[in-house]
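Each remark here refers to the structure printed beneath this line.
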Amino acid sequence: MNAVVGPDGRGRCPWGLSAAEYIAYHDEEWGRPLHGERELLERLTLEAFQSGLSWLIILRKREGFRRAFAGFDPAAMAAFGEADVERLLADTGIVRNRAKIEAAIRNARATLELDVPLDKLVWSFAPPLGRPRPVTLADVPATTPESVAMARELKRRGFSFVGPTTCYAMMQAVGMVDDHIVGCWRAT
């Protein structure tokens with residue numbers, strides 16, 4: 001699919017027009033460079049929770065995730081125990097999946113054990129600039145060599161629920177790659 005003109009007359013990536021939450025996310029966040037330990041742990045966590053679900057579900061529950069996971073403070077999340085897992089499994093403000101909840105806690109612990117900041121580690125996998133802009137959604141890959149390498153390294157360092165597709169989605173979300181298609185007003 002090519003860029004689609006929205007009600008405001010701006011061309012957008014087609015996925016960015018189906019709901020108000022998507023329009024705001026597309027226009028204000030997706031593809032913009034993002035740094036910071038909490039911020040990247042949040043995106044990694046949310047992308048993992050999205051696996052197998054619609055991103056719209058995650059966007060609509062985002063504030064619930066922030067509340068439930070202590071604002072994605074790695075130290076606070078790393079201290080979560082079994083009682084917290086049970087609390088989270090009962091929290092209707094998030095996606096209640098034991099494996100994903102336990103992975104989020106494990107990933108916070110892994111973040112604290114890194115010998116480099118999470119920000120530096122994640123951004124070390126940014127591909128070189130100059131990649132051609134996708135013309136249609138069909139031109140947007142699900143994985144890249146960089147996302148495969150990132151997934152492998154994160155897993156080696158104790159992270160889980162971080163496959164190549166999840167890592168590529170995070171790379172898109174945090175602006176490591178810019179997959180706004182040709183004709184989208186956000187395309188740089």
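With K and R counted +1 and D and E -1, the other residues having a Cβ less than 14 Å from that of HIS26 yield a net charge of -3.
Cβ-Cβ distance of THR92 and GLU28, R₀ of 22 Å, FRET efficiency by 1/(1 + (r/R0)^6): the value works out to about 0.25.
Helical runs (DSSP H, four residues minimum) scored at -39500 (n - 2.57) apiece and divided by the length of the chain put the mean residue ellipticity at 222 nm at -14000 deg cm²/dmol.
Taking amide H positions as modeled 1.01 Å from N, with prolines and chain starts lacking one, the residues under 5 Å from ARG12 and 5 or more places away or on another chain are VAL4, VAL5, GLY6, TRP185.
The GluC sites (Glu not before Pro) of the stretch 15-70 meeting both criteria, a DSSP state outside H, G, I, E and B (loop) and at most 15 other C-beta atoms within 10 angstrom of the site's C-beta, are GLU29. Taking one quarter of the surface of the convex hull spanned by the alpha-carbon atoms of the chain gives a direction-averaged projected area of 10.2 nm².
Positive contributions from Lys and Arg (+1) and negative ones from Asp and Glu (-1), summed over other residues with Cβ under 12 Å from the Cβ of ARG38, come out at -3. Expressed as a whole number of Å, what is the distance separating the alpha-carbon centroids of the stretch 54-122 and the stretch 150-169? If we compute the Cα centre of each part, the gap is 15 Å. Across GLY16, GLY81, GLY130, mean-square fluctuation computed from a Gaussian network of the chain (C-alpha pairs under 10 Å connected) peaks at GLY130.
We did not get these values from a lab; they are worked out from the coordinates using the rules stated. Since the model is a prediction, treat every value here as computed from it, not as a measurement. Note: ideal-geometry Cβ built from the backbone for every residue, glycine included; neighbour counts use all protein chains shown.
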